[in-house]
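Taking it in order: structure first as structure tokens, then the write-up.
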Amino acid sequence: MSEVREPFPYERIVDELRVEILAGHRAAGERLPSEHELADLYGTSRPTVRRAVARLKAEGLVVTSQGRGAFVRPKPHVRLLITGSNYRKHRALGLPGFNAQVLEQGQVPEQRLLEVAAVSAPAEVAIRLGIEDGSPVVVRRRVFLADGEPVALCDSYYPADLAEGTPIAKDRRIRGGVHALIEDPSGPIRRRIARSVDDLVSRMPTPQEAASLRLPQGVPVTRVLRILLDSDDRPVEVQETIAAADRHEFRYEVAMDRDDRSP
């Protein structure tokens with residue numbers, strides 16, 4: 001039987017501080033004891049303490065500030081409940097789903113519109129929209145924030161024949177969100193969104209995604225590729241969302257007593 005390795009001195013510091021942070025015993029934004037204080041507390045050296053803090057930083061649990069020390073990282077946590085009834089409730093309130101759910105959780109939502117452009121449809125998008133690869137689509141790129149902290153990037157793609165000549169194709173925000181425009185009975189599109197299908201994949205972020213979401217080293221993302229279909233089962237939108245995995249919780253509720261209409 002192989003011998004059990006004794007933990008390195010820095011690992012004990014990491015393990016104990018990690019438990020305190022995750023259990024909520026150290027509040028978001030709270031300053032950790034100084035290197036000198038931690039070295040005295042654990043009977044070790046300051047280089048060992050630095051190694052422990054570096055590990056906690058890589059895990060996304062703390063942030064450091066030159067000359068000020070290490071602090072428990074503030075992390076807005078967004079719980080997204082995906083149900084048809086929830087979607088309709090928020091539509092009736094005239095709020096996009098993200099904004100409504102963040103508000104319900106006592107946080108301040110924001111959607112920043114980064115770009116609106118006519119582009120060639122990426123292959124995954126074209127397949128879901130039922131169009132040829134490279135066909136023209138309109139994309140609206142946004143960053144979602146909770147309490148001023150970026151939590152997700154979202155690119156929404158629309159068929160050109162649906163979006164062109166409507167506010168969807170214009171570089172400005174749309175009151176109530178795009179779905180309000182799509183479903184407006186007196187608007188230019190007049191289609192009712194009936195269902196959505198999500199594909200989720202967890203992976204490590206690209207350098208650009210990590211920078212845009214201010215992700216510490218080692219924090220993954222969840223990529224959500226969602227297709228939205230109307231009451232005639234025609235695709236109206238494909239969303240590609242890159243969500244910071246440490247800032248999201250997804251909950252899906254399915255009514256099991258209904259017929260499954262998925263293909």
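Details
- Scanning the range 10-25 for residues that are open to solvent by less than 80 Å² (accessible area, probe 1.4 Å) and either within 15 Å of LYS57 (Cα to Cα) or part of a helix (DSSP H, G or I) (or both) turns up TYR10, GLU11, ILE13, VAL14, ASP15, GLU16, LEU17, ARG18, GLU20, ILE21.
- Filtered residues of the range 78-114 (kept if at pLDDT below 90, open to solvent by 60 Å² or more (accessible area, probe 1.4 Å) and charged (D, E, K, R)): ARG79
- Number of residues in the range 211-253 that are touching a residue at least 60 places away in the same chain (Cβ under 8 Å) and of a type in the set (A, V, I, L, M, F, W, C): the value is 11.
- Qualifying residue in the range 220-231 (condition: more than 23 Å from ALA100 (Cα to Cα) and more than 23 Å from the chain's Cα centre (by Cα)): yes
- Exactly one residue out of ARG51, ARG26 is closer than 23 Å to ALA146 by Cα and of a type in the set (Lys, Arg), and it is ARG26.
- The helices (runs of 4 or more DSSP H) located wholly in the range 159-263 that include 1 or more residues which are farther than 30 Å from ALA58 by Cα and hydrophobic (A, V, I, L, M, F, W, C) occupy 160-163, 178-183.
- Only one of GLU249, GLU183 that is in contact with a His (Cβ under 9 Å, 6 or more places away or on another chain), open to solvent by 20 Å² or more (accessible area, probe 1.4 Å) and within 21 Å of TYR87 (Cβ to Cβ): GLU249
- In the range 70-96, the residues that are touching a residue at least 40 places away in the same chain (Cβ under 8 Å) reach residues that are among the basic types (Lys, Arg) and open to solvent by 50 Å² or more (accessible area, probe 1.4 Å) with C-beta atoms within less than 6 angstrom, at least six apart or across chains, in these pairs: PHE71/ARG31; LEU81/ARG251.
- Among the residues of the range 120-145, the one identified as surrounded by 19 or more Cβ atoms within 10 Å (Cβ to Cβ) and more than 18 Å from LEU228 (Cβ to Cβ) is LEU145.
- Hits in the range 26-52 (condition: exposed (fewer than 15 other Cβ atoms within 10 Å of the Cβ), in a helix (DSSP H, G or I) and not basic (Lys, Arg)): HIS36, GLU37, ASP40, LEU41, PRO47
The values are calculated or read from the model by the stated rules, or taken from the named source; none is laboratory data. Keep in mind the model is a prediction, meaning the values are calculated, not measured. When we count neighbours, we look across all protein chains shown, and the Cβ atoms used for this are built from the backbone with ideal geometry, even at glycine. All accessible areas refer to the heavy atoms of the entire protein, side chains included, with ligands and DNA or RNA removed. Shrake-Rupley method; radii C 1.70, N 1.55, O 1.52, S 1.80 Å.
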